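Worksheet for the structure shown next.
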Amino acid sequence: MSAGDKPFGGTIGKTVKESKPWWPEATSPPAGSPNILVILFDDVGFSDFGCYGSPIRTPTIDRLAAEGLRYSGFHTTAMCSTTRAALLTGRNHHSVGVGCLANFDSGYPGYRGKIAREAGTIAEMLKPHGYRSYMVGKWHVTPLTESGATGPVDGWPLGRGFDRFYGFLDAETDQYAPELILDNSHVDPPGTFAGGYHLTSDLVDHSIRFIADHLADRPDLPWLTWLAFGACHAPHQAPFDLIKSYDPVFTQGWDVEREQRMTRQKEMGIVPQNTRMPARNDGVRAWVQHSADEQRIFTRLQAAYAAMLDHADQHLARLIAFLERAGVRDNTIVLVLSDNGASQEGGPLGFINAMGPYNLWPEPIAEKLARIDKIGGPDTHSNFPHGWAMAENTPLRRYKQNTHGGGIRDPFVISWPSRIKAAGELRHRFVHACDLVPTLLDLIGLQAPGEINGVAQMPLEGTSFAASIDDAAAPPRLRAQYFEMFGHRGLWKDGWKAVAYHPPGTPFDGDKWELFHLDDDFSETEDLAARDPDRLNAMIELWWREAEAHKVLPLDDRFAPRFAENAARFHGRRRRFVFHHGMGHVPTDVAPDVRSRNYRIEADVEIAGGDEGVLIAHGDATSGYSLYIRDGRLVHDLNIGGEHKVVTSDRALPSGACKLGIEVKRLSREKTPAMGVGMGKSSYTLIIDGAPAGSIETHLGFATLISWSGLDIGRDRGSPVSDYDAPFEFTGKLIRVIVEMQSPQALDGEHVGRAEMARQ
């Protein structure tokens, strides 16, 4: 076959004189094909953009809305991986194998954690028509056990149709020390917090570079750039001065904030005038019931979130300005949206460093107050409390993960100067994440392909809303839309919604279904289930039919076992890991899992006087462990939520070849009042050439997680686990490091599940 997999169209003789050359026709996109820029935010609530009622400064997004359209009925899937799968493919997330998170494969067709080959992405669909596609930022539709150097990379962006990729594969990353991929290779971030580095700025820089390179090489071809910010997923990290500027904005608390946002939304026309404010979400107390210290901490945690969004908007302004300078803005469709509602992972009191509490090391208010000025910095992993998440989702109920409005109804802005004439208008029709691809294809004038790379394609399941761009009165969506996440369920049809909140661990048959007429009840406050039982029953029956058709079944609310089973299946019976000097970064989900077990680490080294540096480090400043040499001695630092338990060798290290290590043994599983449930005690014994060299005993340990930053050999790149300056590279000769598990794990599945969910 010839270029483009087309049969050779010339003739081949014995010599060139007897032959006829042939070149395949270049692919030509439809005339006037627009560029496409998708700006996808993470965990940003319905009311968080200024143009949706927020006091947070988002002038760039507000300007795009003023030049384009805002949709008030845009719906997602309640989680990040799932919404991304629907946005990328134009199908429902269960249908393409991403029914839940990319973090695990449940063993059922709808829950593989990886987009099926039968569901091509928008990049794969556009490629045959001359488009070049660039992915920047968060991906999170690849199983994290496939995120290591050996992949497989067929589920990474370049394996799914994108031409370039710069970003991260996990649900979240540290904004000052991110775990980055360039195309198919792990790379170090190009800067540090001390030097002013922030991931948001870096992602915008790369977006500009990819587009600039494109315009230099092939200005005749259209492009797709998919920019998925880490903002505003935890950790909430932004410049300190910007964070503090938001303290006065939020001192009034979440109750007043909700009312003010809804007032603005009514004035803007985002919500109907008859919209009612729902009662506070379960477990959220009135702002005035919290102490002055609590209010001060909660305000700063919310200020960090707001600053992160403000900061992203400032850098988005640079990207839009570049498009204008390059002369391509008018024919570029710009879409700004969020992947789900504001998150509930911060719990009722929020976190400054979630790594401690999720390892059963509490973070009392006094400790929070002592660290308040560190919020948003490089050694924090902060998230706001439920009350602020509730306010972000104004006027909707519940949060991310839930199928009530707060989890699945999100802001959506579209701007296309050369096409949209109804600048600044609103559209109130129902739109779902899986409708995006059909709409883009419709706007370009393309059909979804029946085959991609030899694989027959499943039909698109979304519905184009292109007609509504020009006509506010365009026909509404006719196809019903189901929702499901962790057993929470919902169905929208003809302006009505049936929804069930599922308490984890309870029988599904016991769930209470509610019925709302969304056309008259935007905020889901008037349950009509008792008044119209026939309609509710018909919608529940339809939900089950849709669930069966789209691979939702079997229902499964066991998120804790899913994580544990996935880890056990990936590592299997492997107990020994050998790492050689010179290897790259190892993502957490691929690294040795040393949580709640006995293990031994041993490094083969050759050292001389003055040699120092890290032998092995896993984690970052928020949590992790590091084994290193400093001042001629071996040191092990166990860092749980910023609480350090350090043991230093009781003698100096010998010169020459030696074996240096640490042996960890669990001594007990008793409950401790200071730690709460079941931490127990462990010993940490340093080893020099097989002999003990100092030890400590502590109740601290990796009860549920280490960190979401991975493992390094011979250095500690990025955010340092201990009190040295990263990367603190080892100056001696490091031959290998061996990690050997010496007992099965004794994890508390309930707490593991909660901790893992905090990263999503």
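For the reader, a short list of remarks on this structure follows.
- Of Leu542, Leu446, Leu518, Leu528, all but one fail to be assigned by TED's automatic domain parsing to the domain that holds Val98, surrounded by fewer than 20 Cβ atoms within 10 Å (Cβ to Cβ) and either in contact with a strand residue (DSSP E or B) (Cβ under 7 Å, 6 or more places away or on another chain) or farther than 19 Å from Asn92 by Cα (or both); the exception is Leu446.
- The single residue among Ala123, Ala116 that is aliphatic (A, V, I, L, M), within 22 Å of Leu436 (Cβ to Cβ) and surrounded by fewer than 21 Cβ atoms within 10 Å (Cβ to Cβ) turns out to be Ala116.
- Top-ranked residue in segment 610-662 [being at pLDDT below 95 and of a type in the set (Val, Ile, Thr); ranked as farthest from Asn383 (Cα to Cα)]: Ile640
- You will find that of Gly376, Gly406, the residue that is within 19 Å of the chain's Cα centre (by Cα) and either on the phi > 0 side of the Ramachandran plot or assigned by TED's automatic domain parsing to the domain that holds Thr698 (or both) is Gly376 and no other.
- Some residue of segment 80-87 being more than 24 Å from the chain's Cα centre (by Cα) and surrounded by 20 or more Cβ atoms within 10 Å (Cβ to Cβ): no
- Within segment 206-242, the set of residues being assigned to a loop (DSSP other than H, G, I, E, B) and polar (S, T, N, Q) comprises Gln237 only.
- Of residues in segment 285-316 being more than 25 Å from Ala370 (Cβ to Cβ) and under 28 Å from the mean Cα position of the chain (by Cα), the one surrounded by the fewest Cβ atoms within 10 Å (Cβ to Cβ): Gln314
- Filter pass, Thr145 being more than 19 Å from the chain's Cα centre (by Cα), hydroxyl-bearing (Ser, Thr, Tyr) and at pLDDT below 95: no
- Screening Gly107, Gly113 for residues that are in a loop (DSSP other than H, G, I, E, B), free of Cβ contacts under 8 Å to residues at least 24 places away in the same chain and among the small types (Gly, Ala, Ser) leaves exactly one candidate, Gly107.
- All positions within segment 318-337 that are touching a Ser or Thr at 6+ places or on another chain (Cβ under 7 Å) and not in a loop (DSSP other than H, G, I, E, B): Leu319, Ile320, Leu323, Val334
- The one condition in (1) assigned to a helix (DSSP H, G or I); (2) surrounded by fewer than 18 Cβ atoms within 10 Å (Cβ to Cβ); (3) more than 29 Å from the chain's Cα centre (by Cα) that Gln273 fails to fulfil: (1)
- Residue within segment 600-609 that is at pLDDT below 95, among the basic types (Lys, Arg) and closer than 25 Å to Lys665 by Cβ present: no
- Residue that is surrounded by the most Cβ atoms within 10 Å (Cβ to Cβ), among those in segment 128-171 that are among the hydrophobic types (A, V, I, L, M, F, W, C) and not in a loop (DSSP other than H, G, I, E, B): Met135
- Residues (in contact (Cβ under 8 Å) with a residue 60 or more places away in the chain and out of contact with any Lys or Arg (no Cβ under 6 Å at 6 or more places or on another chain)) located in segment 141-166: Leu144, Thr145, Ser147, Gly148, Ala149, Arg160, Phe162
- The number of residues in segment 724-733 being under 15 Å from Ala194 (Cα atoms) and charged (D, E, K, R) comes to 1.
The values are calculated or read from the model by the stated rules, or taken from the named source; none is laboratory data. The structure presented is a predicted model; accordingly, all values stated were derived computationally and were not measured. Heads up, the Cβs are rebuilt from the backbone with ideal geometry, glycines too, and the neighbour counts pull from every protein chain shown.
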